[in-house]
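**Q** Handing you a structure now.
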Amino acid sequence: MTTERSLIPNPSLVAILLVIRDSAGGNLVFHYPPQPRAEAAHNTSSWRIGETNTDYTSSNSSFSSSSDDDDEADDRKSRSTVRLYGGGIATERSVVTSQRSRSYDQRSSRRRRDSDHEYDEEEDDDDEAGEAGAEWEHVLGFRHDVLAGLLSVPRALAKSRFELSVDHSVFLGYPCYSRVDGTWQRKKKERKPKSEGPKGEEEKEAHTSDADNDDDDAKGNDADDEDPDAAALSRSKSPNPPPSERKKIKREPRKIDPTPSKLAMFHIVFVMNPPQLEYHTRMHDMYDVAKQFTMALKTQQSDDDYVAREAEKILEIRERGEKRGDSMHELWSRILRESTLAAAIAALYQSISASKIAHLKVNDFDFALQIPIMLETSVLPSISEPQLPGMHLTTLRTIGPTPNEGEDALMTPHFALLFLEDVDDIIKELILDQDQSSLNASFVQFIQNCRPTVSFAQMLSPTPDASAPHPENPEYQYIEYFARHLIYWRKARAILPLHYRRYYIVSPNADMKRLVSQSAVFARLFPALPPLPKMLSLLSGKPRPYSAYIPSKDHRQAYMDMLAWLMRYGWVTNLLTFAYLKIPKDIKIAVRERQKREQAEAAVEMIQAATVGAAAAVNNGNSPRMMSTSVEKSIANGTVIPNASLREIEEESKISVSAGGDSNISNSRPRTGWSDVTDSSTTAPSRSTNPTTNTPGTPFEKMESSSGQLEDSVVYDPSRATPLESAWIERLTEGQPPDIVALFDRLVKYLDGRHAIECIALREAISKKELKRVLNAMDRYIVYARHW
Amino acid sequence: MVPTSTSTHSRQPSRLTPFQSSVLQNRRAQEHHAETSADIPGSSRIYHWIPQEPGKMSIKCIFYSYFDADKGPRVLYQVPENSVTPSADTPSVPPTLFSFDELSDYIIPKQQLCDRLITFCRNRYRLLGYPICLEDDKYDRNEFIFNFAIVLDESEEFSSYKPVVKKLARLFKALEEQMGFLWNEVTRSSVYTLIEQVMEDLNSYCECMIPINESNTINLKLFPAIPPPPPVKAYHVPISTVRFESIMDSNWDLTMQRIIPFIDGVNSVRRISELADADYTLTKKCISELLYYGCIIIVDVFRFANIYAVNSELYNFVNDGAGSTGTATGGGGGLQEECQAYISNTGRLLDFPAILDLYTSLRQGLTVGEWSTENAERLKDVDVRRFIQFGIIKGFLYRVHKYPVRIDDGTGVVASVGPANALAGSSVDLHALALGAQEAGQGGSLVGGKMGKSMTTGSGILMADRSLPLLRYLDGAHHFDSICTDLQQSEKEVLKNLAAYPIELIDR
C-alpha cells in the first residue's frame, strides 16, 4: 500500500536532539535546527519529487539554489510547497490548503487545535516570542526539561529501538548506556584476524563496536569482515562512506584506562513527522540512519569519552551564552563552530532532511550516511498518483546497490554504468581522500574505463561479440562490486549500454519544469548541437533508431555523449520491445484434430481411462449451462451455429480436451501407460478444474471450457505452458527448418511480455542475426509491444 | 444536522458528513463488488484501501492504568489478563506482551504530557494511550491521572486506532467528571467488562456501541486512512465509478448536486463548472472530495488528435486472466472480458489478441485519428473513446502530452517569460493574464524578482511580450491540455496565435 509512495524521498525529519544522562540527571544538550517546526515535514507528503531532493541535481548548474545553510530549512520548505502542487495555474493556490487539509492527520490536528490550545500556542514560538534567553526553553512545544525527562530513558529500555510519539511528533532513537561499572570501553576483542591491515581494523572498530554488548537488534555489520577489501568498500547498511569520502587515519591503539565516564547515557533522538500512510517505511528508513550514527558515536565515546567531552563543551557554551544574554542565533553558531559533535548533528540534519548523503566527521572519524533513494522505476505514475518527474523509467531489472533476488544473473554483465555526476569530480573526490592503495587505483581505473556505451562484459574482453564472463571470474566480481558501490552512493545508475541502433523516446516521466534551467546547461555543454528543446522535439515523433538523428558519422560521438546526458537527467528513456505469443485459431484446430487422431490410436490401451474421463466430463453438472453461454457467445460473435452441431462440438471438445491433455503428457514425457491411467483417473475429470499442471487455469482454458469455442488467444507465460499450450506452441513451428525450431524452443520463454527482445541475444549468447531470423519466421504468431 | 444552502458553500468539503458516510459505505460496498456502476471499469489501482479484516484480532490488549498515590502507576484492569503486568494469581509469570513497569513513565506521564496521544513501541508491540489528568480536591494529590491504552502489533497500520483511543479517553474523562465513574469503586468495577467488550467488538466488527448508562454510550468505529487525493486540474476529466443517483440525497452539498449530472467522462473540470454554472474553485473542491472517496477516477481530455502509447503495465493487462493477481475486478470475469464488453459499441466482441494488437499499435507520434484510419476495418465494432479510456483507466496506456516550448534564437535556451509561470506559488491569476491584465504582469515580475533564483534569461523579453500572455505558457512546463483549458481556446487557435514565434513541440 505504501510502496508506490515511498519512491518519493520524504525524510520527514523535524529535528535531531542530543540527550544525555549523567549524575545530575537527564539533559537535553543540543538540538538542531535551533527552532524546529513540527509541521514542516508533515506537509510534504508529496505528489511530486522536489528537484532539490535528488542529490545529483544540485551539482549541475548555477541555477540551483545558492541559499546558504542557515535558511536552508525554511527555504526548502517553501520551495517544496511550491513544487508539490506546481501547476502554474495560480488560481489553484487557494485550493492547496484545502487539499492539504484532506489528509487524515491534518484533519485531526485541526480538530485538536480547535479543542485544546495550550500546547499549540507554544509550537509557534517565533523569534519575537518570549523574553531573551528563554528562546530555547521550549523545543517543539515541549518544555526543555519535560523533553529531557521524556527522552533520557531508563536503562531497561536502552540498547533497543526507541520509538515514542506524542501527538504528531515521533521520537526515534537508539539510547546507549554505559556499562554497569560506569565505563564505556569494550572488552578487549581477541577474535580479530591477524591478517587485517590497519584499514581493516578501523573498519571493524566502526562496525563491531556494538557486537559484544548489544543484543540481536544490532544488525550484523560484521558480515563484511570476511573479505578485508570488501570491508573497506562495503556499502550497504553499513556506516561506511564511499572510498572517496573516507579518510584512513592510522590511530595508535589507545591505552585503555577504564576510568568510569561521567556520562551514563547518551541518546541521539530523531524527531520526525511522517505522513500517516507512510509511517512505517519512513520510520524504518530513518532508524537505519539513527542507529548507524549512534553506533559511530558510541565507538568514539568508548575510545576517548568523545560524547561526554562534547556534551560538556556544549553545555558550557550554552551557560556562558545564557549569562551573556546571547541570542539563539549567536549561541547556536558558536556551538556549531566549537563542537564537532554539534556540527556533525547539524550536517546530518541538513543532508538527511534534504534527502542527500551526509558526509560526517566525528572525532576525526569520517563516514557518510544516507537514506537510499530510488533511481529508477518501472511504472509510470498515472494522473492520480504521486508524480516522480525526472526519475528514470525502465522495466529492466538492472543492478541494484546490493545483490537481490530480482536481478537476473545472466544479464548483469551486459549492463553499463551511467554516471550521474561528472566523472572527473568523482575521481577527484576519490583521489583527494585516499591513500594510494592498489585497490583504489583499480577503482579509479574502473571509473575511468566506464562508458555508458560499453557493458561490463565488453570492458573485460573488448571483442564485439564477447560472451558473458563467468560470474565467478574475479575480475568481473570486482567490476560488479565497484558498480554496486557507485550505485549505492548515487554516483551512477546501471543501464543497458547506449547504442545508436537502439530507440530512445522522450521519457513520459521527464521533468518538464526543469526544461528552462537544463536547456541552459545543455547549451553550455553541447554548444555545437541543436538546443535541448529541439532535440527533444526531434525525439518526439514516431520512434526511430537513434542513428536517424545523427547527421553524419563524425557527429556520432557527440550525439552519444548527448544521449548519455539526456539519460542521466531522465529526459529520454530506452524504448524496448516486448513480445507476446499469439495462438491463432487454425493452430488450435489442427492440434485438436491431431489429438483426436492420437487419442483414437491410443484408444486400445487407454480405453479404460478414456471412458472414465469422458463419462465424467459428460456428467459434469456444469455442462448445460456452459452450452447455453457458448450459444450466446456464438450469437454475439455473429457466427451462427446450429444448435445440434454445436452440441456435438461441445461434447467432442470436452472429451478430446480432457483426454488430450493427458495424452499430451505421454507424448512429451515418456511414461508408462499405467501411470497415465492412474493420473487421469485420480485427477478431476473436468478440464476446468484439472490440476494435472501447476499452472492455474488460464483464461483460455476457462474460455474453452465455458464455451467450447476456439478463439485466437495469447499465451501468458510460455515458460510455464500447460500441456495443451505446449502442444500449440509445438505446432507453431511445424514446417520450419530444424534450426529455427530448436532456437524457437529456446526463445519461446521470452515471449511473455516481460523480457525485452533487446536483451535476449545477450542473455542467450546468440547472434542478433539469428534472433532476427527466428522472430521473422514466427512473425505471424508474435504481438510486439514497445515501452521502456 | 442538515446543511443549509448558504452555509454549505462556505464549508470545508471535509465536513460533508452525510456525503462522507454514504460514500464510505459505497467504498466498503465496492470491496464486495456490489453497487458499483457496471458501466465503468473500476480501476483496481485506485482502491488502495484494504478494509480491516474482521477476525484479525488486531488489538492485542486493552488496559486501564492510573496513578495510585501510594503505589505509583499501576494497572487495574487488563484484557486479557497477564498481558502487561503479572496477574495476581501467578505473580512469578512475566507479562506476555511487555512489562508495564518499564514503560509506566510513558503511560502515566507527568501532567504536562496528559491530554495528548502518546504511542510507544516495545517488544514489537505498539502501545497507544491518551493519558488524562483531572484536578480536584477529592483526589489524593489533588489530581487523578489515568490512561486507557490499546496495544497493537508494531507493524500494524495504527492510524485508525488513534481517534479511538482518544475518544475512549475523553469519554471516561467525561464520565469521571460527571459522576466519578472511575474514582468510585462500585462503578469502576464495570470497567473490565467494558474494555473487554470494546476489544472484542473492535476486533470482530471494527466498531462497537456499548451503553454505559442512560446518557452515555461507548460508540467507536475504525475508519480507514485514505491517502489524500491528487491535486485536481482544470483539464482533468472525471469519470464516475458509482451510480450517483443511487447514493445522492438532498443533504448533499449544493455544488455537488449541481455538478454531478455533468460528470460524464467527457467534460473537463473547467467545463463542468461552466455547464453547472458553479464556482470553479468549489467545483474543484467537490471533485477533489469525490476523488478522495474513490467515487470518480480522473482521465485526460479525449481528442482524436491525442497520442497514446502502451506502458509497462501492459503485462498485467495481458496476464490478468491467469488469475495470479487478486485484483481481478467485478464478478463478471477477468479484465480482458471486461475490456471486450466495455469497448464494443455494437455488441460484437473482438477476440483478445486483436485487442492487444490494437493497443500495441498505438504509439508515440501517431494520433488516435491517424491510428483509427489505419485500423478502420478492425475498429468498426469498437467505440474508440471507450477503447482509449479503458487503457487509461487500467493504467496500461498513457497519454503523450504535447508541450509547446519557445526557444530563444540566439542561445538555443528555452525562452522563459518571467519565473511566475515556472513557480506555481505566485499569486498571479493566469486566467486574468490571458485577458491581458497589465498589473498582473507586473505582479509576476515582482514575484520573479523575489524568487528569481532560476531566472537569468528572458527577463528582457518579459517587458516586450506582456501583450501576449500566452507566452508565459511556453517554458515547457505546460502541455496543450492545460493551456487550452486555461485560455479556453482550442489547440488550433493557440497554435495560430503562436505562429509568429519559434516554437518547438515536445511530446512527452
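**Q** Please verify whether B:Lys167 is within 13 Å of chain A (Cβ to nearest Cβ), surrounded by fewer than 20 Cβ atoms within 10 Å (Cβ to Cβ), at pLDDT 90 or above and within 29 Å of the chain's Cα centre (by Cα), treating the condition exactly as stated. Reasoning before the result, please.
**A** Values: within 13 Å of chain A (Cβ to nearest Cβ): yes; surrounded by fewer than 20 Cβ atoms within 10 Å (Cβ to Cβ): yes; at pLDDT 90 or above: yes; within 29 Å of the chain's Cα centre (by Cα): yes.
So B:Lys167 fits the description; yes.
**Q** OK, next. Restricting segment B:110-122 to residues that are within 9 Å of chain A (Cβ to nearest Cβ) and not aliphatic (A, V, I, L, M), which is nearest to B:Ser83 (Cα to Cα)? Quick ask: steps written out before the conclusion?
**A** The first filter runs over segment B:110-122 and keeps only residues within 9 Å of chain A (Cβ to nearest Cβ), leaving B:110, B:112-113, B:115-122.
The next check asks that each one be not aliphatic (A, V, I, L, M); those that pass are B:110, B:112, B:115-116, B:119-122.
Working: B:Lys110: 24, B:Gln112: 28, B:Asp115: 24, B:Arg116: 24, B:Thr119: 17, B:Phe120: 16, B:Cys121: 15, B:Arg122: 13 Å.
The extreme case among them is B:Arg122.
**Q** Just give me the residues in segment B:368-395 being surrounded by fewer than 17 Cβ atoms within 10 Å (Cβ to Cβ) and free of Cβ contacts under 8 Å to residues at least 60 places away in the same chain, in sequence order.
**A** Once the filter is applied, which keeps residues that are surrounded by fewer than 17 Cβ atoms within 10 Å (Cβ to Cβ) and free of Cβ contacts under 8 Å to residues at least 60 places away in the same chain, segment B:368-395 yields B:Glu370, B:Thr373, B:Glu374, B:Ala376, B:Glu377, B:Arg378, B:Lys380, B:Asp381, B:Asp383.
**Q** Separate question: Kindly list the number of the only condition in (1) in a helix (DSSP H, G or I); (2) within 14 Å of chain B (Cβ to nearest Cβ) that fails for A:Pro530.
**A** Evaluating A:Pro530 over (1) in a helix (DSSP H, G or I); (2) within 14 Å of chain B (Cβ to nearest Cβ) leaves (1) as the failure.
**Q** For segment B:350-367, state whether one or more residues are over 25 Å from A:Trp788 (Cα atoms) and either surrounded by fewer than 17 Cβ atoms within 10 Å (Cβ to Cβ) or modelled with pLDDT under 90 (or both).
**A** For segment B:350-367, residues over 25 Å from A:Trp788 (Cα atoms) and either surrounded by fewer than 17 Cβ atoms within 10 Å (Cβ to Cβ) or modelled with pLDDT under 90 (or both): present.
**Q** Which is touching a Pro at 6+ places or on another chain (Cβ under 8 Å), surrounded by 18 or more Cβ atoms within 10 Å (Cβ to Cβ), of a type outside the set (Asp, Glu) and within 11 Å of another protein chain (Cβ to nearest Cβ), of A:Val153, A:Val166, A:Val146? Step through it out loud before you land on a result.
**A** Values: A:Val166 fails: touching a Pro at 6+ places or on another chain (Cβ under 8 Å); A:Val146 fails: touching a Pro at 6+ places or on another chain (Cβ under 8 Å).
So the residue among A:Val153, A:Val166, A:Val146 that is touching a Pro at 6+ places or on another chain (Cβ under 8 Å), surrounded by 18 or more Cβ atoms within 10 Å (Cβ to Cβ), of a type outside the set (Asp, Glu) and within 11 Å of another protein chain (Cβ to nearest Cβ) is A:Val153.
Yes or no, residue by residue, for (1) out of contact with any Asp or Glu (no Cβ under 6 Å at 6 or more places or on another chain); (2) more than 11 Å from chain A (Cβ to nearest Cβ); (3) touching a residue at least 60 places away in the same chain (Cβ under 8 Å); (4) assigned to a loop (DSSP other than H, G, I, E, B):
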| site | (1), (2), (3), (4) |
| --- | --- |
| B:Gln257 | yes, yes, no, no |
| B:Ile260 | yes, yes, no, no |
| B:Thr283 | yes, no, no, no |
| B:Phe304 | yes, yes, yes, yes |
| B:Asn316 | yes, no, yes, no |
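**Q** Looking only at segment A:563-590, which residues are assigned to a strand (DSSP E or B) and of a type in the set (Gly, Ala, Ser)?
**A** Looking only at segment A:563-590, we keep the residues that are assigned to a strand (DSSP E or B), and these are A:572-583.
Hit for segment A:563-590 is A:Ala579, nothing else.
**Q** Which one of the conditions (1) crowded, with 21+ Cβ neighbours inside 10 Å; (2) outside any helix (DSSP H, G or I) does B:Asp249 fail to meet, given that it meets all the rest?
**A** Result: B:Asp249 fails condition (1) only.
**Q** Okay, next question. If B:Tyr130 satisfies all but one of (1) touching a Lys or Arg at 6+ places or on another chain (Cβ under 6 Å); (2) modelled with pLDDT under 95, what's the number of the condition it fails?
**A** Of the numbered conditions (1) touching a Lys or Arg at 6+ places or on another chain (Cβ under 6 Å); (2) modelled with pLDDT under 95, the odd one out for B:Tyr130 is (2).
**Q** Which of the residues that make up segment B:110-142 are more than 16 Å from A:Ser169 (Cβ to Cβ) and β-branched (Val, Ile, Thr)?
**A** B:Ile132, the sole residue that qualifies.
**Q** To continue, here is another question. Within the group A:Ala347, A:Ala358, A:Ala342, A:Ala290, which residue is at pLDDT 90 or above, in the same structural domain as A:Leu157 (by TED's automatic domain parsing), surrounded by 21 or more Cβ atoms within 10 Å (Cβ to Cβ) and more than 22 Å from the chain's Cα centre (by Cα)?
**A** Values: A:Ala347 fails: surrounded by 21 or more Cβ atoms within 10 Å (Cβ to Cβ); A:Ala358 fails: more than 22 Å from the chain's Cα centre (by Cα); A:Ala290 fails: more than 22 Å from the chain's Cα centre (by Cα).
Being at pLDDT 90 or above, in the same structural domain as A:Leu157 (by TED's automatic domain parsing), surrounded by 21 or more Cβ atoms within 10 Å (Cβ to Cβ) and more than 22 Å from the chain's Cα centre (by Cα) holds for just one of A:Ala347, A:Ala358, A:Ala342, A:Ala290, which is A:Ala342.
**Q** Among the numbered conditions (1) within 13 Å of chain B (Cβ to nearest Cβ); (2) surrounded by fewer than 20 Cβ atoms within 10 Å (Cβ to Cβ), tell me where A:Ser384 comes up short.
**A** A:Ser384 satisfies all of (1) within 13 Å of chain B (Cβ to nearest Cβ); (2) surrounded by fewer than 20 Cβ atoms within 10 Å (Cβ to Cβ) except (2).
**Q** Next question, about the same structure. Conditions first: (1) more than 9 Å from chain B (Cβ to nearest Cβ); (2) modelled with pLDDT of 90 or more. A:Pro508 passes all but one, so which condition is the exception?
**A** (1)
**Q** Here's a follow-up. Of all residues in segment A:526-544, how many are out of contact with any Gly (no Cβ under 8 Å at 6 or more places or on another chain), surrounded by 14 or more Cβ atoms within 10 Å (Cβ to Cβ) and in contact (Cβ under 8 Å) with a residue 12 or more places away in the chain? Walk me through how you get there before you give the answer.
**A** Taking segment A:526-544 first, the residues out of contact with any Gly (no Cβ under 8 Å at 6 or more places or on another chain) are A:526-529, A:535-539, A:544.
Subsequent filtering for residues that are surrounded by 14 or more Cβ atoms within 10 Å (Cβ to Cβ) retains A:526, A:529, A:535-539, A:544.
Still in the list and also in contact (Cβ under 8 Å) with a residue 12 or more places away in the chain: A:526, A:529, A:535-536, A:539, A:544.
Counting residues in segment A:526-544 that are out of contact with any Gly (no Cβ under 8 Å at 6 or more places or on another chain), surrounded by 14 or more Cβ atoms within 10 Å (Cβ to Cβ) and in contact (Cβ under 8 Å) with a residue 12 or more places away in the chain gives 6.
**Q** Still on this model: Which members of segment B:271-295 meet the condition of being crowded, with 22+ Cβ neighbours inside 10 Å and charged (D, E, K, R)?
**A** Once the filter is applied, which keeps residues that are crowded, with 22+ Cβ neighbours inside 10 Å and charged (D, E, K, R), segment B:271-295 yields B:Lys284, B:Lys285, B:Glu289.
**Q** Against the condition closer than 28 Å to B:Phe390 by Cα, hydroxyl-bearing (Ser, Thr, Tyr) and not in a strand (DSSP E or B), how does B:Tyr192 come out, does it pass? Steps first, please.
**A** Numbers: closer than 28 Å to B:Phe390 by Cα: no; hydroxyl-bearing (Ser, Thr, Tyr): yes; not in a strand (DSSP E or B): yes.
No: the conditions fail for B:Tyr192.
**Q** If you don't mind, another one. Which of the residues belonging to segment A:770-788 are within 14 Å of chain B (Cβ to nearest Cβ) and among the charged types (D, E, K, R)?
**A** Step one: of segment A:770-788, the residues within 14 Å of chain B (Cβ to nearest Cβ) are A:779-788.
Matches in segment A:770-788: A:Asp779, A:Arg780, A:Arg786.
**Q** Follow-up question, since we're still on this one. Considering (1) within 12 Å of chain A (Cβ to nearest Cβ); (2) in a loop (DSSP other than H, G, I, E, B), say which one B:Lys162 fails and leave the rest.
**A** Result: B:Lys162 fails condition (2) only.
**Q** Further question: Sort out which residues of segment B:375-397 are part of a helix (DSSP H, G or I) and either among the polar types (S, T, N, Q) or over 22 Å from B:Val301 (Cα atoms) (or both), and write them in order of number. First the steps, then the outcome.
**A** Start the filter on segment B:375-397 by keeping residues that are part of a helix (DSSP H, G or I), which leaves B:384-394.
Within segment B:375-397, just B:Gln389 meets the criteria.
**Q** Given the conditions (1) among the β-branched types (Val, Ile, Thr); (2) more than 32 Å from the chain's Cα centre (by Cα); (3) over 24 Å from A:Gly25 (Cβ atoms), which single one is not true for A:Ile352?
**A** (2) is the only condition that A:Ile352 fails.
**Q** Tell me yes or no: at least one residue of segment A:575-582 is within 14 Å of another protein chain (Cβ to nearest Cβ), surrounded by 18 or more Cβ atoms within 10 Å (Cβ to Cβ), of a type outside the set (Phe, Trp, Tyr) and within 17 Å of A:Pro452 (Cβ to Cβ).
**A** The answer is yes, given that some residue of segment A:575-582 is within 14 Å of another protein chain (Cβ to nearest Cβ), surrounded by 18 or more Cβ atoms within 10 Å (Cβ to Cβ), of a type outside the set (Phe, Trp, Tyr) and within 17 Å of A:Pro452 (Cβ to Cβ).
**Q** Regarding B:Ile483, is this residue in a strand (DSSP E or B) and modelled with pLDDT of 80 or more? Steps first, answer last, please.
**A** Values: in a strand (DSSP E or B): no; modelled with pLDDT of 80 or more: yes.
So B:Ile483 fails the test.
**Q** Just for segment B:115-145: of the residues that are of a type in the set (A, V, I, L, M, F, W, C) and in contact (Cβ under 8 Å) with a residue 60 or more places away in the chain, which one is farthest from B:Phe158 (Cα to Cα)?
**A** We begin by selecting, within segment B:115-145, every residue of a type in the set (A, V, I, L, M, F, W, C); these are B:117-118, B:120-121, B:127-128, B:132-134, B:144-145.
In the following step, the residues that additionally are in contact (Cβ under 8 Å) with a residue 60 or more places away in the chain were identified as B:144-145.
On the way: B:Phe144: 28, B:Ile145: 24 Å.
Once the filter is applied, the top-ranked residue is B:Phe144.
**Q** If you check A:Glu429, A:Glu475, which single one turns out to be within 26 Å of A:Phe365 (Cα to Cα), of a type in the set (Asp, Glu), at pLDDT below 90 and assigned to a helix (DSSP H, G or I)? Please lay out each step first, then the result.
**A** Values: A:Glu475 fails: within 26 Å of A:Phe365 (Cα to Cα).
Just one listed residue meets the conditions, A:Glu429.
The values are calculated or read from the model by the stated rules, or taken from the named source; none is laboratory data. Since the model is a prediction, treat every value here as computed from it, not as a measurement. Glycine gets a Cβ as well: all are built from the backbone with ideal geometry, and neighbour counts include every protein chain shown.
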